[in-house]
1. Restricting to the stretch 223-252, give me the number of residues that are surrounded by 10 or more Cβ atoms within 10 Å (Cβ to Cβ), closer than 20 Å to Lys171 by Cα and over 19 Å from the mean Cα position of the chain (by Cα).
2. When you scan the stretch 97-107, do you find a residue that is closer than 16 Å to Ala147 by Cα, in a helix (DSSP H, G or I) and under 20 Å from the mean Cα position of the chain (by Cα), even just one?
3. Would a scan of the stretch 143-153 turn up a residue that is over 16 Å from Gly27 (Cβ atoms), touching a residue at least 60 places away in the same chain (Cβ under 8 Å) and in contact with a Phe, Trp or Tyr (Cβ under 8 Å, 6 or more places away or on another chain)?
4. Working carefully through the options Ala80, Ala114, Ala76, find the one that is of a type in the set (Gly, Ala, Ser), under 30 Å from Arg260 (Cα atoms) and modelled with pLDDT of 95 or more.
5. Out of (1) within 20 Å of the chain's Cα centre (by Cα); (2) part of a loop (DSSP other than H, G, I, E, B); (3) over 22 Å from Ile121 (Cα atoms), the odd one out for Ile198 is which?
6. Among the aromatic types (Phe, Trp, Tyr) and closer than 30 Å to Phe209 by Cβ: does that describe Tyr122?
7. Among the numbered criteria (1) modelled with pLDDT of 95 or more; (2) part of a helix (DSSP H, G or I); (3) within 17 Å of the chain's Cα centre (by Cα), which one does Leu215 miss?
8. Do you know which residues across the stretch 91-142 are touching a residue at least 24 places away in the same chain (Cβ under 8 Å) and at positive phi?
Amino acid sequence: MQGDPGYFGPKSLMWTVNKEITVLFGGARALLMHAAHPLIAAGARQTSFYQKDPWKRLIRTLSLQNSVTFGTKKEADESAHRINKLHEVIKGKDEVTGKIYDALDNEQLLWVHACLQISSIYFYEKTVKTLTEEEKNIYHNENLKAAKMVLVDEKKVPNSYEELKNWVIKKSKEEGYLLFTDVAEDVKDIIKGGPVPIHIKPIWPFISFMAFHTLPLEFQKIYGVKQNLFHKALVRFNLSFLKAIRPFLPPFFRLIAPARWAKQRITRNPSLSFKDKADY
């Protein structure tokens, strides 16, 4: 008897892309992009996620993606419901910009969704294989299910992956749309080498470097990233190296824990229940 494959299953693009260990690179990059938005930062400031448990905040960036991709349908629904209930109370007036923030505001929800999606695709293509335009749009449409589960208005989501990516870049170039706040500074410190679990520490400098140096230009400006020819060459080398060694790595070093666990549930142990693990 096979376990519940969830909303997508192993043959989906969601599963194919999100199972890779380089999702950690995408998660760190997306977290920097989230924090550069002052109204997203205001919500994080209200809940004090970064100060209380910065590592858990990074993992939470990926938790819905993981539960929707690798959990059962029931577990995915429960995860989305928890996040929606949390978002209900995250609202107020931003002390930095004076603007109103609301975690259920559609544009703010879309920003979080879009930054994670384009970061995931970026690292998948650079470290695994290039996707066709059709494949990226399939991934985009599959991601729309996760977006709707956290109350993103699907009618306001760009129609294709490329349009979504261009929307993020266009918004980032608007005057005042991105801002280096105290929360952005906290996130910068976390990604640079804050309190991460001991088993992650040896590779964290590598993840950190790649997260900062693959940011789109407007975000690099916000975080003061120094990008010279050496840095660009090192990024290209690192990405090429990861792609070259990937086929020779065992699943433990190539796939995230939720993906390995989900495969066990589907093929061998249907009674396994999903857990948002931090031990990637």
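The values are calculated or read from the model by the stated rules, or taken from the named source; none is laboratory data. Treat the numbers as computed from the prediction; the structure is a model and nothing was measured. Neighbour counts are summed over all protein chains in view; Cβ atoms, including those assigned to glycine, are modelled from backbone coordinates with ideal geometry.
1. 1
2. Restricting attention to the stretch 97-107, the residues satisfying the condition of being closer than 16 Å to Ala147 by Cα are 103-107.
Checking the rest, the ones that are also in a helix (DSSP H, G or I) come to 106-107.
Those still in the list that are under 20 Å from the mean Cα position of the chain (by Cα) too: 106-107.
Scanning the stretch 97-107, I find at least one residue that is closer than 16 Å to Ala147 by Cα, in a helix (DSSP H, G or I) and under 20 Å from the mean Cα position of the chain (by Cα), so the answer is yes.
3. Step one: filter the stretch 143-153 for residues over 16 Å from Gly27 (Cβ atoms), giving 144-145, 147-153.
With the extra rule that they be touching a residue at least 60 places away in the same chain (Cβ under 8 Å), the set shrinks to 145, 149-151.
Right, trim to in contact with a Phe, Trp or Tyr (Cβ under 8 Å, 6 or more places away or on another chain) and you get 145.
Yes, the conditions are met somewhere in the stretch 143-153.
4. Numbers: Ala80 fails: modelled with pLDDT of 95 or more; Ala76 fails: modelled with pLDDT of 95 or more.
Sole residue among the options that is of a type in the set (Gly, Ala, Ser), under 30 Å from Arg260 (Cα atoms) and modelled with pLDDT of 95 or more: Ala114.
5. The failed condition is (1).
6. Against the criterion (among the aromatic types (Phe, Trp, Tyr) and closer than 30 Å to Phe209 by Cβ), Tyr122 qualifies.
7. (2)
8. Scanning the stretch 91-142 gives a single hit, Gly92.
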